[in-house]
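Down below is the structure, laid out as C-alpha cells.
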Amino acid sequence: MVYEFGIVLGRRYLMLEDELEIARRLVKTEAYQMSVGEIASMYRDREVIINPDFQRLFRWNSGQKSRFIESILLGIPVPSIFVYEREDSKWEIIDGLQRTSTILEFMGLLRDPDSEELLPPSCCEATKYLPSLYNAVWEASDKIHDVPVESQIPLKKPQQLDIRRARIGVEILKRPSDNRTKYDLFQRLNSGGVPANPQEVRNCIIIMVNPQYFDFIKRAAEYEKFIEILSASSDQITRQRHIEFATRFFVHTYIPYDGKLDVEEYIDDGIIKLAEKGVDVEAWQTFTKTFDILYAAFGDKALKRLEGGKHVGRVGRAAFECLAIGLARNIEVVFRRPDPVEFVRERIDYFWTLPSISNFLSPGLRGTVRIQRTISFGDELFSS
C-alpha cells in the first residue's frame, strides 16, 4: 500500500513538472528600466498602445493623480508596468493604465480614445508633502478645465526633468507567448491606485477578446426590464453590478460548470469562450424573453425574497441562479405552455415556500457548492 501510494505521488510530481514545463514556455518575458520621457516618446510615436476601451475605464480622481505626480517628484519608486508585445512589435499596456495615463495626461500627451485628439492636460491639487502643487501644471494652457491660465503654476524645467528622468520598470510579455496568456496575465496583474473589481477586470478581458461581444453584454446589462428587476443602485451600476449579472447570465446559461474551477475563474473562462464565438442572436432572444416574462409576472420584484406575502430585500446570486437561469435554460418549453406568465408566477411563488432552498441561500456557502445546487434546482423547477 505504501509502495502504491509512493507511485501515485511520483506520478503527480511528474505531472506537475510536465505542466510547469509547458506553462513556462507560454510566458516569455523581458524586463527593462525606462525613463518616463522614453515611455512618453514611445506613446507619442504610437509605439506604446493604450487600448481605447481600457482608457474609457481610466477613473483616478484628481487627488489620486496628484499624489502619483507627487511620488514621482519625491523619487518614490513607481511599480512596474506590464506590456504585451504585439505582432507589429508595438507594446500594448496590460497593467499600469492608471499610472501611465496620469503621466501622459499631466504632460498633455494623452489622446482621446475616439477622436485621437489630445485631451486637455490635468492640473494638480495640493498634496500632503507638496502643498505647493496646488494648481501645478506641466505647461500653462487655456484647455485646462476649471483653472484659468493666470491661476496655473507651470513646473520649472528642473522639475520637468525630474519627471522625465524618473525610472519605471517595464515587464514585457514577448510575442511568442500564447495569445490567451495575455488575458490571463492582465487579470492577475491588475493592481494599484483604485483596484479594479473582478467585473471591471473581466470587462477588459472581454474587450481584449472581442470588443463587439463586450458591446453585446453591455447592451444586455442596460436592458430596461433587466435593470429594473436587478434593482441596482447608481453606486452598484458604477461598480458594474449590472454587467456582472448579465455576464453571469450568459455563462450560466450556456457554459456547463464541472464543479472544479473556482467560481470567478469559471465565469472568466466561460465569458472568454462565449466572446470567442461572437455575438449570438439566439442568446439575445433568450435573455430578453426571460426578463420580459419575469417582469410580466412580478415586475421589479421578480427575483426578491417572498416573506409574508411581500417581495423584499435585494436580488441575491442564489435567487438569480435558480430563477433567472433556470427559466432561461427552459425558456422555449415555458413559452409553449398555455399561460407562460401564470406558470412563471406559480413557480416563483412555489420556490419561496420550499424549506430546501436554505441549502443554497446560506451566506457562508461556498460558491462552487452553491452553483452546483442552484443551476440544477432551477432547471428542474421550470422544466417540471
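Readers should treat all values here as calculations from the given coordinates under stated rules, not as data from a laboratory. Because the structure is predicted, anything quoted here is derived from the model rather than measured. Because the Cβ atoms are built from the backbone with ideal geometry, glycine has one as well, and the counts that use them run over all protein chains shown.
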What are the trypsin sites (Lys or Arg not before Pro) within region 99-174 that DSSP puts in a loop, where the Cβ has at most 15 other Cβ atoms within 10 Å?
LYS128, LYS143, LYS156, LYS174
Cβ-Cβ cut-off under 10 Å around LYS304, Lys and Arg +1, Asp and Glu -1: the net charge is +2
Sorted from largest to smallest, which semi-axis lengths in Å does the alpha carbon gyration tensor of region 198-383 give for its equivalent ellipsoid, taking the root of 5 times each eigenvalue?
25, 18, 17
Mind jotting down a quarter of the surface of the convex hull over the alpha carbons of region 28-189, in square nanometres, one decimal?
9.6 nm²
Just to confirm the filter: which chymotrypsin sites (Phe, Trp or Tyr not before Pro) across region 101-178 are DSSP coil and have at most 16 other Cβ within 10 angstrom of their Cβ?
TYR129, TYR134
Report the local net charge at SER231: Lys and Arg +1, Asp and Glu -1, summed over other residues whose C-beta lies under 15 Å from its C-beta.
+3
Ranked on Cβ counts within 10 Å of their own Cβ, fewest leading, GLU105, GLU116, GLU150 go GLU150, GLU116, GLU105
